[in-house]
Amino acid sequence: MKVVVVSIDALIYEDLEYFAGMNNMKGYLSKAHICKKVVPIYPTFTYPCHASIMTGCYANKTGVYHNCSFPEKRWLWENSFVKVPTLFDVAKKAGLKTASVCWPVTGGADIDFLVPEAWGETEADDPAPVFKRLCSEKGYKYFSRHKDLLDWMRTPGMDLFASACFCDIMRENDVDLGFVHFSYLDHQRHKNGYESKRNLEALRFIDERMGEVFSVLKEDTEVIVLGDHGQRDFSSFFCLQRAVDELGFGDAIKIHTSSFSAQVYLDGIKEKEAMDVLTRIGAIHPGVIECIFSKAEAAEKYHLEGGFSFVVEACDGINFTDNGSFGMLYPSGSSHAAHGYLPEKGPFPPLCMKNKRLIEPWCRSVDIAPTVMSLFGLQMPCDGRALDLA
């Protein structure tokens, strides 16, 4: 059994209609069995979602509840941030050979051929020292071979690099379980809006990358294509930190934004007083804050826990931002869509499998890892369950 998992960042079910008419995904989708609705975790942010997909656990167990740490705002590249076993750990323990390229939160993991998602600290920096530290020894060879394709953290360079590394790894080695992550569609959705028809260029680009992946795989390889989250359109930015500052609580209440939601950290202020401040902001700026979850409510309803005391969900059309230099509330400008919202809102990513029939019409992202491992006859210790397959 050989299994390859392809994550197309921000892929939604509606995209499949357009992929079905493109050169490479057309053949795959004509045979694929599709679960139309995968409910992600909260917040619907790339790193928490990918940590959930590879562990089968919610953020309260993975320890990954944002793309970046707080207050440092440092990207969570390293697998050491993940507090539970991943499917790579289970696979390695069973003697399987593993590979992962540009999958978030895998840096330094025990993966045979590992090229994680990372980049130079600044645009001008050579990324080699970062990748030397985070890649596996065998993976670093492929980074070195294709590093000239990288354009810092930008796409499409990152996806060209991901495809080149992954395809060479799969072509040259006997890998049992391989993962690869493509980001270009997500980046383009942020600029163009969430609708599929606005992102045909990005879909065609991903179709080309999928053609490269298909070309190096054996016919009987189980290819799983999925998304991590959707996106929703918005029209305005709101700087919640500036609103807190203007009420005089900037030293005591700190905001870590995740686009359509925000995590609220407290320092020297009681939770009741902080809740009063957040509620007051909602009253002063109607149409901005949809709801406020206490720490206990976030944990109970969404399995979301961290160092924060509250989670604030934005109203439709509002994106929380750290940038208050243009005012507290201002038009979105060239940005049109984002994620980070409550997982039940959608649009939803699909789960596609080439050979096995997905019986259930919907699932959760935490069900993916145990389902993948069930293909090898292995079990995952996690929050999800293996889906029924035929």
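The values are calculated or read from the model by the stated rules, or taken from the named source; none is laboratory data. Everything numeric in this text was worked out from a predicted model, so none of it was measured. Don't worry about glycine lacking a Cβ; one is built from the backbone with ideal geometry, like all the others, and counts go over all protein chains shown. Ligands, DNA and RNA are excluded from the accessible area calculation, which covers all protein heavy atoms including side chains. Shrake-Rupley method; radii C 1.70, N 1.55, O 1.52, S 1.80 Å.
Here is how the numbers come out for the structure above:
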quantity: Using θ = phi - 60° and Karplus 6.51 cos²θ - 1.76 cosθ + 1.60, couplings along region 35-47 (whole Hz; Gly, Pro as x); calculated: 8, 6, 9, 10, 7, x, 8, 10, x, 6, 10, 4, 6
quantity: Residue-wise HN-Hα coupling along region 325-331, computed from phi with Karplus coefficients 6.51, -1.76, 1.60 (Hz; x: Gly, Pro); calculated: 5, 9, x, 7, 10, 8, x
quantity: Summed residue charge, Cβ within 15 Å of SER136's Cβ, Lys/Arg positive, Asp/Glu negative; calculated: -1
quantity: Rounded to 5, the percent of DSSP beta bridges in the chain classed as antiparallel; calculated: 50 percent
quantity: Relative contact order (%) - region 1-156, alpha-carbon pairs under 8 angstrom, separation at least six; calculated: 13 percent
quantity: Table column - 3J(HN,Hα) (Hz), region 384-389, Karplus curve with 6.51, -1.76, 1.60, x for Gly and Pro; calculated: x, 9, 6, 6, 6, 10
quantity: Distant-in-sequence amide H partners of GLY317 (H built 1.01 Å from N, under 5 Å); calculated: SER235
quantity: Distant-in-sequence amide H partners of LYS2 (H built 1.01 Å from N, under 5 Å); calculated: GLU222
quantity: Heavy-atom accessible area per residue - the chain, 1.4 Å, Å²; calculated: 39 Å²
quantity: Candidates VAL312, VAL225, VAL216, ranked by Gaussian network fluctuation over the chain, Cα under 10 Å, top entry; calculated: VAL216
quantity: Share of carbon and sulfur in the accessible heavy-atom surface of the chain [1.4 Å probe, %]; calculated: 49 percent
quantity: Charge tally in the Cβ shell below 13 Å around PHE293, where Lys, Arg are +1 and Asp, Glu are -1, PHE293 excluded; calculated: -4
quantity: Interchain or long-range residues, amide H under 5 Å from SER258's placed H; calculated: GLN263
